[in-house]
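Remarks on the structure that follows.
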Amino acid sequence: MSKLVQGYEVVIGFETHAQLSTNSKIFSRAPTAFGAEANTQACAVDMALPGTLPVMNIGAVERAIEFGLAINAHIAERSIFARKNYFYPDLPKGYQISQFEIPVVQGGEVSFFLEEGKETVRKTVRLERAHLEEDAGKSLHEDFIGQSGIDLNRAGTPLLEIVTQPDMSSSEEAVAFAKELHKIVTWIGICDGNMQEGSFRCDANVSVRKPGQPLGTRREIKNLNSFKFMQQAIDYEVRWQIEEIEDGRAIQQATVLFDPDTGETRAMRTKEDAADYRYFPDPDLPPLVIGRDWVDRVKREMAELPRVMAERFVKDYALPEYDATQLTQSKAVAAYFEATAKACGQAKLASNWIMGEVSRRLNASEMVIEQAPVSAAQLAALIGRISDNTISNNAARQVFEGLWNKEGEVDAIIEAKGLKQMNDTGELEKIIDEVLAANPKNVEEFKAGNTKALNGLVGPIMKASKGKANPGQVNALLMKKLG
């Protein structure tokens, strides 16, 4: 059920442009490297000089096939390129080559986990399509002797536009979806995912409605280039639309931009419909035909997909589905987990440590797993010392701290800090007897049925043992002595 905001349902759909990781453009041989001097990577085809014709880049097609396979979509055996007509200074042909009626990737879905209150729930967003198209150039509004400038380096850059159904109902859900989609395209290597450079650009279509009413009028927030801004922009847009409706004003379909300095969205232009673009099949490009043998070859050559790897982690390591999904957020994290689990033989403990202490320290240090000062082998050795009762969980955190600060290996840190757990039953029984004698009131209360009184005995025992007593052994001996 959708979460209501001031009595309104929020409806969100996404259009994401993923720049494909080819070395050359979608219809020419011009390079796609980022940051080159203006107009040095635009050839005659990109500049739409008379007599030039587009030639399809096979690498772009293969990346679209990979994406379709990754999301369990239908890959069209025959798709059509169309001309999308609009007139901007940075669009030299006066139209963009895209796909309209018959896209190359049709359907599919993206699933992810979302925290809702105290629960972790699985969400699925249906995809409508993913189609190939070329990017436009860029208008530069610095002062070029009283004029704007045009940089056509991006013109013709290959894009995969990924369009969802309006299945999301909150900014949190939208961000979780965008992160999962980002993970997929970077995992399979079809896009570098660099949001600052514009390689992964998200547009959010946002509308609100009263429950049971038809869909409201949507406004499209363009070019959201960070997950933080994405959430801020959607939250502001939702509040703005509700206020407009409550004040008796109608929402006008529009394209809006988010200003991170003010935290507000502002209208850029009236939103066009498909009819405004006057789509028609491009006469210079034949239909794109993708045979089953081509799809099968691409599938054979693809790396293990994150959802497939997660399923394997559940099966091979007996992990919960949530753990398996979290550990396959990146190839590097998945590899770190596998190396740790295989070395220590304690997959669930390895998962807990990686999702807990390792992730916490990485986030605090603004590091990625590849930069972690604690190797998988060291973490496995630490888990081994917990499993064989050499150290307690509390002591293990101190050892991890030492590993992170490069103070030595696991056993050396345990020895240097005196963290070895007390497992001598005779010594431990002596401490327990002394604590029981010093706390007769707690003993009486426990025997009278107050189980919480046990906590008043465990604390002093752990203190007397300087934290080295095995908590499990302490509890077992206490219960035995207290009958």
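The values are calculated or read from the model by the stated rules, or taken from the named source; none is laboratory data. Bear in mind that the values here come from a model prediction, so they are computed numbers and not experimental data. Heads up, the Cβs are rebuilt from the backbone with ideal geometry, glycines too, and the neighbour counts pull from every protein chain shown.
Please work out if Glu128 is loosely packed, with under 14 Cβ neighbours inside 10 Å and either within 28 Å of the chain's Cα centre (by Cα) or without any contact (Cβ under 8 Å) to a residue 60 or more places away in the chain (or both).
Working: loosely packed, with under 14 Cβ neighbours inside 10 Å: no; either within 28 Å of the chain's Cα centre (by Cα) or without any contact (Cβ under 8 Å) to a residue 60 or more places away in the chain (or both): yes.
Taking the combined requirement at face value, the residue does not satisfy it.
State whether one or more residues within region 280-289 are within 19 Å of Asp203 (Cα to Cα), touching a helix residue (DSSP H, G or I) at 6+ places or on another chain (Cβ under 9 Å), assigned to a strand (DSSP E or B) and assigned by TED's automatic domain parsing to the domain that holds Ser28.
Checked region 280-289: no residue is within 19 Å of Asp203 (Cα to Cα), touching a helix residue (DSSP H, G or I) at 6+ places or on another chain (Cβ under 9 Å), assigned to a strand (DSSP E or B) and assigned by TED's automatic domain parsing to the domain that holds Ser28.
Within region 281-295, can one find any residue that is hydrophobic (A, V, I, L, M, F, W, C) and within 29 Å of the chain's Cα centre (by Cα)?
Yes: region 281-295 contains one or more residues that are hydrophobic (A, V, I, L, M, F, W, C) and within 29 Å of the chain's Cα centre (by Cα).
For region 316-410, which helices (runs of 4 or more DSSP H) that fit wholly inside it have 1 or more residues that are over 26 Å from Met422 (Cα atoms) and not aromatic (Phe, Trp, Tyr)?
Because the criterion is at least 1 residues that are over 26 Å from Met422 (Cα atoms) and not aromatic (Phe, Trp, Tyr), the helices (runs of 4 or more DSSP H) in region 316-410 that meet it are 321-327, 331-344, 347-353, 359-365, 376-387.
Every residue in region 221-237 that is buried (at least 21 other Cβ atoms within 10 Å of the Cβ) and either modelled with pLDDT under 95 or not small (Gly, Ala, Ser) (or both), please.
Hits for region 221-237 are Ile221, Leu224, Met230, Ile234, Glu237.
Collect the residues in region 240-251 that are loosely packed, with under 14 Cβ neighbours inside 10 Å and assigned to a helix (DSSP H, G or I), keeping them in residue-number order.
Pass one, region 240-251, residues loosely packed, with under 14 Cβ neighbours inside 10 Å: 243, 246-250.
Once the filter is applied, which keeps residues that are loosely packed, with under 14 Cβ neighbours inside 10 Å and assigned to a helix (DSSP H, G or I), region 240-251 yields Glu243, Glu246.
Does region 3-10 include one or more residues that are of a type in the set (D, E, K, R), crowded, with 21+ Cβ neighbours inside 10 Å, under 29 Å from the mean Cα position of the chain (by Cα) and in the same structural domain as Leu181 (by TED's automatic domain parsing)?
No, region 3-10 contains no residue that is of a type in the set (D, E, K, R), crowded, with 21+ Cβ neighbours inside 10 Å, under 29 Å from the mean Cα position of the chain (by Cα) and in the same structural domain as Leu181 (by TED's automatic domain parsing).
Every residue, every condition in (1) crowded, with 18+ Cβ neighbours inside 10 Å; (2) modelled with pLDDT of 75 or more, yes or no:
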{"position": "Asn442", "(1), (2)": "yes, yes"}
{"position": "Ala453", "(1), (2)": "yes, no"}
{"position": "Leu457", "(1), (2)": "yes, yes"}
{"position": "Pro460", "(1), (2)": "no, yes"}
{"position": "Lys463", "(1), (2)": "no, yes"}
{"position": "Gly467", "(1), (2)": "no, no"}
{"position": "Asn470", "(1), (2)": "yes, no"}
{"position": "Ala476", "(1), (2)": "no, yes"}
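Suppose the filter is assigned by TED's automatic domain parsing to the domain that holds Pro214, in contact with a Gly (Cβ under 7 Å, 6 or more places away or on another chain) and either acidic (Asp, Glu) or part of a loop (DSSP other than H, G, I, E, B) (or both); does Phe27 pass it?
So Phe27 passes the test.
So if I check each of Gly408, Gly402, which one is more than 21 Å from Lys348 (Cα to Cα), under 32 Å from the mean Cα position of the chain (by Cα), free of Cβ contacts under 8 Å to residues at least 24 places away in the same chain and assigned by TED's automatic domain parsing to the domain that holds Ala332?
One residue alone meets the criteria, Gly402.
Is at least one residue of region 304-320 over 25 Å from Leu379 (Cα atoms) and among the aromatic types (Phe, Trp, Tyr)?
Checked against the condition, which is being over 25 Å from Leu379 (Cα atoms) and among the aromatic types (Phe, Trp, Tyr), region 304-320 yields no hits at all.
Considering only residues that are over 9 Å from Ile221 (Cα atoms) and in contact (Cβ under 8 Å) with a residue 24 or more places away in the chain, which ones fall in region 255-264?
Filtering region 255-264 down to residues over 9 Å from Ile221 (Cα atoms) leaves 259-264.
If the condition is that a residue be over 9 Å from Ile221 (Cα atoms) and in contact (Cβ under 8 Å) with a residue 24 or more places away in the chain, then Pro260, Gly263, Glu264 are the ones that fit.
Select from region 417-440 the residues that are in a helix (DSSP H, G or I) and touching a residue at least 12 places away in the same chain (Cβ under 8 Å) and list them in ascending order.
Lys417, Thr425, Leu428, Glu429, Ile431, Ile432, Asp433, Glu434, Val435, Leu436, Ala438
Can you pull out every residue in region 14-55 that is in contact with a strand residue (DSSP E or B) (Cβ under 7 Å, 6 or more places away or on another chain), of a type in the set (A, V, I, L, M, F, W, C) and at pLDDT 95 or above?
Listed by number, the residues that qualify are Phe14, Ala18, Leu20, Ile26, Phe27, Ala30.
Confirm whether Val295 is touching a helix residue (DSSP H, G or I) at 6+ places or on another chain (Cβ under 7 Å), at pLDDT 95 or above and either surrounded by fewer than 18 Cβ atoms within 10 Å (Cβ to Cβ) or among the polar types (S, T, N, Q) (or both).
yes
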